[in-house]
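This report refers to the structure that appears directly beneath it.
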Amino acid sequence: MQTPKFEIRPYINLGLRRKWWVIIPLVLSILGGAAFLKVSPRTYRASTLILLEPQSIPDSFVRSTVTESVEGRLRTITQQIHSRTNLERIARDFKLDQALSDAEEDDLIRMVRRRIPFLDDWLSSRQQKQSGSENTMIVNLVDQLRKNLQVAIRSGSPGSGGSGREQSLAFEISFEWKDPEIVAPLTNAVAFRFIEENLNAREEIAMSTTDFLKQETAVIRGELEARERELETFKKEHMGMLPDQLDSNLNVMNQLRDQLLNLERSLDHEKQQAILLRSQAQMARLEREALASTVRQEQARSGGTGAQRDQRMTSEQLTSGSLEELEAELRRLSSLYTEKHPDIAALKRRIEKMKKEGRRSEGGGAASVSDTVSDRISLQLIPINANIESYKNQIREVEKQIQTYKQRVERTPQVEMELNKIVRDYETVKQRYDDLLKKKLDARLAEQMEKRKKGERFRVLDPAIKPPKPFKPDPMRIMAMALALGLGLGGGLAYLREMLDPRFYNPDEVESFLDVPVILSLPMKDAETKG
């Protein structure tokens, strides 16, 4: 089975037969496109390209506190630019009020209003009813500016600087208006305001970050000072029981125990000396009694003259020697104690007594000798008793100190637990304070960087210029559409007319309609010539 062969000649013949059905719609469409271009208002477009430049100082030295993404900042700044207040200010700066009044009607309506006066009056009254007031006109102007002012992100360009980015973000600000003298200055003004808003926003974020960290640092500093006072007070209240003093306390306690042992040994030695001297005193008393008894017996036998003389001499010698020793001991004790000390008072009484006994009669010679020996022993007991009392006092003091250090050592674990809790809280607050202090210093550096315009910023790469030709309408596009419309409409009408024509123009149509083969077909011109 053969595929039917497509032939274009029948369509060419159809076009030639129905050429006016094609030409007339095509011409009308072209004329309509030209008329549309003639009456359509001209719209001019200006655009500026802005490049995002990274901060000039490396991030490793100064880290910016502006963490918002560039896309987020673009959306924020775009909303600020599209705000009613900003657009009204732009309209006042560039005097677009009259331009809006002219823009509300196209060239065709203005031409008709100039040619037909009564239609101009009717349209004016209708516009007044629709506008209502000047506020409505401002609202319409703001809406139109918001519609014609566009911000679009474009593909990135190769980055530069030390930021480490492969691409830098760029975006385009475009503005469409009917006056070519306005679009470029207005676009550049918006771009400048865009850059200014970005710098102000970054600086405000940096300043607010610094202020926040400053306030938080002050709060944490107060808390840290309170923790320091608490720690200092605790250490003062538990001085001597702190963990770092445990070794010192143990060493001191061991030294005190050694000192106590030495004192106890010295005390035992002094006690033994006292016991020995008391034994000697007891023996002296016994000897005195025996001697007194012997003297009395001798005196009774011999009358006592020679014996009394010898005994008096011995008594005087002993008394003199004992008195000198007592006075020397008094001088020694006076250098150590006050006059009110009981040992000094007793020694003075003993000296006074011996002086009185030296002036007694000879009848008491033997007793004086015995008393002198007893007094010498008592004299030796005085420093020993003083040493015993001193050792006892020292032992009591050392035992008291040992008990004090023992209590300190026993309380050290509990104090350590409480101290660790306070120190842990203090270290936590101090760490927070150190972190905030570092962040505050970093934020202050970032703020100075933003104030000196060294941070991330926008730069105009391609400023807007006056457009040489309108952006809309596009003549080539309009005429191409008119040509396509004319050809399509003309071809459709020609084909429709051909379908409605009952005549046959080739043998194939006859065979298809009559279902009989055509043996011969003659051209119409040749048939008329033969006829």
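Annotations for the structure displayed:
- Hypothetical label at Lys438: residues of region 60-94 whose amide nitrogen lies under 14 Å (7 Å Cα-Cβ projection): 63
- From least to most packed, judged by other beta carbons within 10 angstrom and beginning with the fewest, Glu410, Glu397 follow the order Glu410, Glu397.
- Rounded to the nearest 0.05, the FRET efficiency derived from the C-beta distance between Met476 and Ile23 at R0 = 30 Å is 0.85.
- Here region 422-448 is scanned for amide nitrogen atoms under 18 Å from the site 7 Å beyond the Cα of Arg221 along Cα-to-Cβ, giving 429-445.
- Centre separation in Å (Cα based) which lies between region 23-93 and region 175-253: 38
- The packing ranking, built from the mean of other Cβ atoms within 10 Å per residue, places the peptides 250-257, 43-50 in the order 43-50, 250-257, highest first.
- Note on region 170-249: Cα-only Rg and Dmax are 30.4, 96 Å.
- Estimated inter-spin distance, Lys421 and Ala152, nm [label 7 Å along Cα→Cβ]: 6.8
- Calculated FRET efficiency, His82 to Glu204, Cβ-Cβ distance, R0 = 30 Å: about 0.95 to the nearest 0.05.
- Between Gln401 and Glu71, the simple label model (points 7 Å from Cα in the Cβ direction) yields a spacing of 7.9 nm.
- Trypsin sites (Lys or Arg not before Pro) restricted to region 369-472 and DSSP loop, no more than 10 other C-beta within 10 Å: Arg452
- FRET efficiency, 1/(1 + (r/R0)^6) with R0 45 Å, evaluated for Ser248 and Ala345 via beta carbons: 0.55
- Label-point separation in nm, Asp258 to Thr428, each point 7 Å along Cα→Cβ: 4.5
- Backbone N within region 383-427 under 18 Å of label point (7 Å from Asp268 Cα along the Cβ vector): 388-389, 391-396, 399
Read-outs: derived from the displayed coordinates by stated rules, not from any lab. Predicted model only: the values in this text are computed from it and were never measured. Here the Cβ is made from the backbone with ideal geometry for all residues, glycine too, and neighbour counts use every protein chain on show.
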